[in-house]
Amino acid sequence: MRFRNAALLYAALTLVWFQLEDNQVLPVVLLGAAGAALLVFHWLRDRVDLRRSGVRAWAEVSLSGALVGLAAALVAALLMVLKAGMHGHVFPDYPPGQILALLARAPTWALAGALAAAGLLAVTRALRRSL
């Protein structure tokens, strides 16, 4: 139920963003990251057991974070292309060079996602032990 509500909220925010005459990169990057997180977490929901300990759990969580980071760049680029196509301006909201520059950051975002996921796992395990 929570996932469905999050997906509906994401869809509503994305539809509102599509209607705006906006060419800033931050909103589309945030929407791309949120969409990627929803997709990856939905796909991994029953596949990853966070209660498991050991190297395998750390590897699964880190790879999941890397996948979110990589997918964030792809989803954001897809949103940029869709918005540029929907609005049909002579000068697109997001020129091709800007979309390619965003895609060039995908490896860095994958590394950041892996590190962030591993950090979140470390924090949750530390909090669990202290309680």
Would you mind stating whether Gly54 is closer than 26 Å to Arg129 by Cα and either touching a Gly at 6+ places or on another chain (Cβ under 9 Å) or crowded, with 16+ Cβ neighbours inside 10 Å (or both)?
no
Would you point out which residue out of Ala11, Ala33, Ala7 is out of contact with any Ser or Thr (no Cβ under 6 Å at 6 or more places or on another chain) and under 16 Å from Gly113 (Cα atoms)?
Ala33
Check off (1) at pLDDT 95 or above; (2) over 27 Å from Arg2 (Cβ atoms) for Gly97 and give me the number that stays unchecked.
(1)
Determine whether Gln19 is without any contact (Cβ under 8 Å) to a residue 40 or more places away in the chain, within 20 Å of Gly97 (Cα to Cα) and either touching a strand residue (DSSP E or B) at 6+ places or on another chain (Cβ under 6 Å) or surrounded by 10 or more Cβ atoms within 10 Å (Cβ to Cβ) (or both).
no
Qualifying position, being out of contact with any Ser or Thr (no Cβ under 6 Å at 6 or more places or on another chain) and assigned to a helix (DSSP H, G or I), among Ala114, Ala66:
Ala66
If you go through segment 17-40, how many residues are in a helix (DSSP H, G or I) and either under 19 Å from His89 (Cβ atoms) or polar (S, T, N, Q) (or both)?
6
Is it true that some residue in segment 76-86 is touching a Phe, Trp or Tyr at 6+ places or on another chain (Cβ under 8 Å) and among the charged types (D, E, K, R)?
yes
Filter result (crowded, with 18+ Cβ neighbours inside 10 Å and assigned to a helix (DSSP H, G or I)) within segment 73-111:
Ala73, Val75, Ala76, Ala77, Leu79, Met80, Lys83, Ala84, Ile99, Leu102, Trp109, Ala110
Given the criterion among the small types (Gly, Ala, Ser), touching a Lys or Arg at 6+ places or on another chain (Cβ under 8 Å) and closer than 23 Å to Leu39 by Cα, identify the matching residue among Ala73, Ala118, Ala106.
Ala73
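The values are calculated or read from the model by the stated rules, or taken from the named source; none is laboratory data. For clarity, every value in this text was computed on a predicted model and none was experimentally measured. Neighbour counts run over all protein chains shown; Cβ positions are idealised from the backbone, glycine included.
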